[in-house]
Amino acid sequence: MSSKKLGFWSVWALGVGGIVGGLFPALGVAIQIADAGAPLAFVIAGTIALITTYAYAKLSVAHPCRGGTVTFLNQAFSQGLFSGTLNLLLWFSYVVMLSFYLQAFASYGVNLFAESTKPIWKHLLINLAILGTTGLNLLAVKYIGKSQIWIVGFKLGILILFITMGINHIDISHVQTVSVSSVPSIFIGAMVIFLSYEGFELIANTAEDIVNPNQTLPRIYYSVIGFVILLYILIALVTLGAEPIEQILAAKEYALAEVAKPIMGRFGSFLVTIAALLSTISASNATLYGSARFSSIIAKSRGFNSGNKINGLFLTSGITLFIANFFDVNRISTMGSAGFLLIFAAVNLANARLHLYTKSKQWVSLLGAGICLVALGILIYFAVQTDPQTVWVFIFMLGVAIGIEIIYYLSKKRCNT
């Protein structure tokens with residue numbers, strides 16, 4: 001255990017920093033699908049995350065270790081095919097999430113270059129970002145996260161300034177009413193952008209290093225999600241009120257920077273772009289670092305103890321390079337959201353199963369599991385109707401996870417006989 005204990009604000013910054021990076025690519029996607037109902041879509045997705053934080057808060061207090069989700073699933077379901085498959089699916093989902101961040105980084109970054117060179121720069125920035133963060137993780141792991149609180153403070157300052165100035169620039173003629181017929185689109189939008197709330201489970205990995213975790217952890221979880229929900233709602237409202245939806249969608253992948261122009265001027269738009277670049281690259285770095293550690297934890301749980309972090313780092317980077325370069329942001333968001341909804345359903349079930357040990361109300365986590373599964377069903381139904389290939393990619397991810405686990409347990413059984 002580390003001799004240095006983490007306080008409330010250090011871990012709060014880690015949680016918010018791990019989540020808010022997803023806002024920049026998700027905002028345009030939410031408005032494209034949910035239209036004027038985008039703020040409600042963020043509320044619905046945030047509510048699912050908030051219910052799931054109950055399970056994470058209880059499990060983190062009961063199992064204060066760096067294993068996080070892996071430990072929770074293994075404790076509830078033992079180390080078998082079910083938990084092993086979910087752990088691998090979580091790693092795949094982290095890779096998808098990393099691709100989500102990298103695409104956002106590139107989409108905002110290309111705005112600093114000439115229009116004719118944007119397509120070239122987008123792929124170049126994706127590749128430079130993943131190679132740069134891989135090198136940082138490989139050569140300077142001890143420096144990762146040291147500046148996190150400053151980066152979070154800077155980007156939150158810019159976003160709060162955007163909201164404060166934007167409220168005075170809202171044009172009522174741009175604001176559309178939400179009709180009953182748009183309710184399905186709002187729910188679908190919420191499921192697609194659910195990935196934008198992912199990241200709060202990183203708090204679980206700090207549990208053993210927190211001062212007074214029994215009281216501090218629940219306060220961090222709930223305050224982080226509550227703050228992010230409010231932040232997302234206000235940003236979505238200001239965005240919809242500042243520009244016609246057609247103009248927002250024309251700049252979907254870098255919507256926030258485009259909307260910042262009439263509100264904060266060109267320099268303000270530049271600041272938002274810098275905030276987006278810092279936010280997405282820091283989130284990418286943290287996710288890549290977590291993924292490498294995550295693969296190491298999975299390997300160690302199976303008796304492999306050497307070289308796993310470096311191997312996991314290169315494997316994660318290689319797969320991410322492919323996904324970030326060849327999948328569009330909608331597909332990446334859908335795949336990632338599907339993966340995390342399934343994982344969070346399992347974590348809710350884990351807490352329900354361990355409710356006596358974690359001193360939890362079982363019905364809350366059962367409700368959370370049910371909501372996550374219903375949300376997953378809505379998301380898959382939407383994907384089948386609009387982009388069936390995304391569903392097949394998700395099925396492939398799940399199938400590979402199951403296949404790897406089956407091969408592992410068959411080989412283990414063979415070695416034991």
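Restricting to the range 310-362, what's the tally of residues that are among the β-branched types (Val, Ile, Thr) and more than 20 Å from the chain's Cα centre (by Cα)?
Number satisfying all stated conditions: 2.
Can you run down the residue pairs with Cβ atoms below 8 Å, 6 or more apart or on separate chains, where the first is in the range 166-190 and closer than 26 Å to Ser337 by Cα and of a type in the set (Ser, Thr, Tyr) and the partner is surrounded by 10 or more Cβ atoms within 10 Å (Cβ to Cβ) and modelled with pLDDT of 85 or more?
Here the result reads Ser182/Ala34; Ser182/Asp35; Ser182/Ala36; Ser182/Gly37; Ser185/Ile33; Ser185/Ala34; Ser185/Asp35; Ser185/Gly37, each pair linking the range 166-190 to a residue that is surrounded by 10 or more Cβ atoms within 10 Å (Cβ to Cβ) and modelled with pLDDT of 85 or more.
Could you tell me which numbered condition Asn127 fails, if it satisfies all but one of (1) open to solvent by 10 Å² or more (accessible area, probe 1.4 Å); (2) more than 25 Å from Phe322 (Cα to Cα); (3) over 19 Å from the mean Cα position of the chain (by Cα); (4) modelled with pLDDT of 90 or more?
Result: Asn127 fails condition (2) only.
Working only within the range 203-222, note down all residues that are crowded, with 21+ Cβ neighbours inside 10 Å and within 29 Å of Ile332 (Cβ to Cβ).
Ile203, Ala204, Asn205, Thr206, Ile220, Tyr221 - these are the residues of the range 203-222 that are crowded, with 21+ Cβ neighbours inside 10 Å and within 29 Å of Ile332 (Cβ to Cβ).
Report, ordered by the first and then the second residue, all pairs with beta carbons closer than 9 Å, sequence separation of six or more or different chains, a first member in the range 22-51 that is at positive phi, and a second member that is part of a helix (DSSP H, G or I) and hydrophobic (A, V, I, L, M, F, W, C).
Pairs that qualify, where the first residue is at positive phi and the partner is part of a helix (DSSP H, G or I) and hydrophobic (A, V, I, L, M, F, W, C), are Asp35/Ile186; Asp35/Leu240; Asp35/Ile245.
Residue check: is Ala383 more than 16 Å from Ser60 (Cα to Cα), touching a residue at least 40 places away in the same chain (Cβ under 8 Å), open to solvent by less than 70 Å² (accessible area, probe 1.4 Å) and of a type outside the set (S, T, N, Q)?
It is true that Ala383 is more than 16 Å from Ser60 (Cα to Cα), touching a residue at least 40 places away in the same chain (Cβ under 8 Å), open to solvent by less than 70 Å² (accessible area, probe 1.4 Å) and of a type outside the set (S, T, N, Q).
Only one of Phe82, Phe92 is closer than 24 Å to Tyr408 by Cα, without any contact (Cβ under 8 Å) to a residue 24 or more places away in the chain, out of contact with any strand residue (DSSP E or B) (no Cβ under 6 Å at 6 or more places or on another chain) and not polar (S, T, N, Q); which?
So the residue among Phe82, Phe92 that is closer than 24 Å to Tyr408 by Cα, without any contact (Cβ under 8 Å) to a residue 24 or more places away in the chain, out of contact with any strand residue (DSSP E or B) (no Cβ under 6 Å at 6 or more places or on another chain) and not polar (S, T, N, Q) is Phe82.
Out of curiosity, is Ser365 modelled with pLDDT under 95, open to solvent by less than 30 Å² (accessible area, probe 1.4 Å) and in contact with a helix residue (DSSP H, G or I) (Cβ under 6 Å, 6 or more places away or on another chain)?
For Ser365, the condition - modelled with pLDDT under 95, open to solvent by less than 30 Å² (accessible area, probe 1.4 Å) and in contact with a helix residue (DSSP H, G or I) (Cβ under 6 Å, 6 or more places away or on another chain) - is not met.
Take the residues in the range 223-258 that are of a type in the set (Val, Ile, Thr) and open to solvent by less than 20 Å² (accessible area, probe 1.4 Å); name whichever of them is farthest from Ala283 (Cα to Cα).
Ile245
For the range 143-159, state whether one or more residues are open to solvent by 10 Å² or more (accessible area, probe 1.4 Å), closer than 19 Å to Ile332 by Cβ, modelled with pLDDT of 85 or more and of a type outside the set (Val, Ile, Thr).
No, there is no match, as no residue in the range 143-159 is open to solvent by 10 Å² or more (accessible area, probe 1.4 Å), closer than 19 Å to Ile332 by Cβ, modelled with pLDDT of 85 or more and of a type outside the set (Val, Ile, Thr).
Among Ile186, Ile163, Ile170, which is at pLDDT 80 or above and out of contact with any Gly (no Cβ under 8 Å at 6 or more places or on another chain)?
Among Ile186, Ile163, Ile170, only Ile163 is at pLDDT 80 or above and out of contact with any Gly (no Cβ under 8 Å at 6 or more places or on another chain).
Just one of (1) open to solvent by 30 Å² or more (accessible area, probe 1.4 Å); (2) touching a Pro at 6+ places or on another chain (Cβ under 7 Å); (3) aromatic (Phe, Trp, Tyr) trips up Phe82, so point out which.
(2)
With a cut-off of at least 3 residues that are in contact with a Ser or Thr (Cβ under 9 Å, 6 or more places away or on another chain), name the helices (runs of 4 or more DSSP H) lying wholly within the range 339-417.
Qualifying helices (runs of 4 or more DSSP H): 362-386, 388-416.
Given the conditions (1) in contact with an Asp or Glu (Cβ under 7 Å, 6 or more places away or on another chain); (2) surrounded by fewer than 24 Cβ atoms within 10 Å (Cβ to Cβ), report the number of the one that Gly28 does not fulfil.
Just one mismatch for Gly28, condition (2).
The values are calculated or read from the model by the stated rules, or taken from the named source; none is laboratory data. Being a predicted model, the structure only gives us computed values, none of them experimental. Every residue, glycine among them, receives a Cβ derived from its backbone with ideal geometry; neighbour counts consider all protein chains shown. The area values use the complete protein model at the heavy-atom level, side chains included, leaving out ligands, DNA and RNA. Shrake-Rupley method; radii C 1.70, N 1.55, O 1.52, S 1.80 Å.
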